[in-house]
1. Restricting to segment 80-103, count the residues that are assigned to a loop (DSSP other than H, G, I, E, B) and touching a helix residue (DSSP H, G or I) at 6+ places or on another chain (Cβ under 8 Å).
2. Identify, by number, the condition in (1) within 30 Å of the chain's Cα centre (by Cα); (2) surrounded by 13 or more Cβ atoms within 10 Å (Cβ to Cβ) that residue 259 doesn't meet.
3. Within segment 166-182, can one find any residue that is touching a strand residue (DSSP E or B) at 6+ places or on another chain (Cβ under 9 Å) and without any contact (Cβ under 8 Å) to a residue 60 or more places away in the chain?
4. If you take the residues of segment 231-256 that are without any contact (Cβ under 8 Å) to a residue 60 or more places away in the chain and assigned to a loop (DSSP other than H, G, I, E, B), which of them is farthest from the chain's Cα centre (by Cα)?
5. Do we have residue 214 as surrounded by fewer than 16 Cβ atoms within 10 Å (Cβ to Cβ), closer than 27 Å to residue 389 by Cβ and touching a strand residue (DSSP E or B) at 6+ places or on another chain (Cβ under 9 Å) here?
6. Pairs under 6 Å by beta carbon, first residue in the same structural domain as residue 282 (by TED's automatic domain parsing) in segment 350-362, partner modelled with pLDDT under 95 and assigned to a helix (DSSP H, G or I), six or more apart or different chains?
7. Mind listing just one residue for me: the one in segment 186-207 that is under 19 Å from residue 376 (Cβ atoms) and under 34 Å from the mean Cα position of the chain (by Cα) and, of those, modelled with the lowest pLDDT?
């Protein structure tokens, strides 16, 4: 294996550097697309070249391209026939020792390593000498084909999951707008838009709202509004009660994030118990990134907040705290909150301001319906996001193992050969 590793890959690949096509042949409508560095990520171009060209600079789907300036990234072209402009190079397998699909994934970490070690003056420049000096893979072409297929399959699954996430986000945005402005009637359907049925709406400080809705302050529907205590660092512990910080809140939804958690063993005095969280409490960030909203879930256990978060404890006999949380996290309330902050001062909201924040208040049954529907779309989004994260971790681990030959796929080759022989 050491002999294979010492052999440069340049003997088994072909590197084609792009050509400086004359701007006199540029067109927006005619000719072949001209690939520049900025076009690599999207596999689409805005400029075409109309004129004669050397076929060596022709690019087709599946070709491996690398930008030679700035951030060196390996891309696989999928935009159809195009031409290779200057400062972009094309890499092709030139022998049976390299599988083209494997080559794409193999080059990615190696080129990233070249990028990290390349000195930066104003803009980093990639040399083809560095590319051809990359060591040959330590696995044969039969194994390479399987490895490339495995990673491609995972990558496709990731892309499909990301497409689902993008679609769900668009659905949520539309649903959030409709539910928080039109609501849901007793028959489970949304009211017509205000422009279609103006008699169903009234003007309010929050804009047009259904006539049945009220506009109230947080203070009027809450038992208490307070904020966390200062100087709790001395109570940090390896285990104990969860200490909720702004990093545990997100603008993506009103649930908590647990990627970074801190625990505390708080004092058993009145100040320590003042900010102990209860199910249904609404949390709002009041410093730095203002107005991030979270709602304390059932079964969280003992937990407290720091001084950068306000705690609103609504009367749960009167309101659904998740509806209020969704409304405060929605676009209307967020626009209102952003206007409250004094841009000339340090970002922050005080407790009187939090108490005075206004929210829509439909009848309780309608609140429950709206909260349920928004929770459903958030749960779908979180599940898809979690699935994407797991796939990405799996892909990263497999790339590290399979591309280096640390984990071999020879059992798969033997199984394939056995199946072929028994066919």
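1. 6
2. (2) is the only condition that residue 259 fails.
3. yes
4. The selected residue is 231.
5. no
6. Correct list of pairs: 353/340.
7. Among those that are under 19 Å from residue 376 (Cβ atoms) and under 34 Å from the mean Cα position of the chain (by Cα), it is 188.
Here is a yes/no grid of residues against (1) in a loop (DSSP other than H, G, I, E, B); (2) at pLDDT 95 or above; (3) within 27 Å of residue 149 (Cα to Cα):
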{"residue": "38", "(1), (2), (3)": "no, no, no"}
{"residue": "43", "(1), (2), (3)": "yes, no, yes"}
{"residue": "53", "(1), (2), (3)": "yes, no, no"}
{"residue": "72", "(1), (2), (3)": "yes, no, yes"}
{"residue": "105", "(1), (2), (3)": "no, yes, yes"}
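The values are calculated or read from the model by the stated rules, or taken from the named source; none is laboratory data. Since the structure is predicted, the reported quantities are computational estimates derived from the model, not experimental observations. Every residue, glycine as well, gets a Cβ built from its backbone with ideal geometry; the counts of neighbours run over all protein chains shown.
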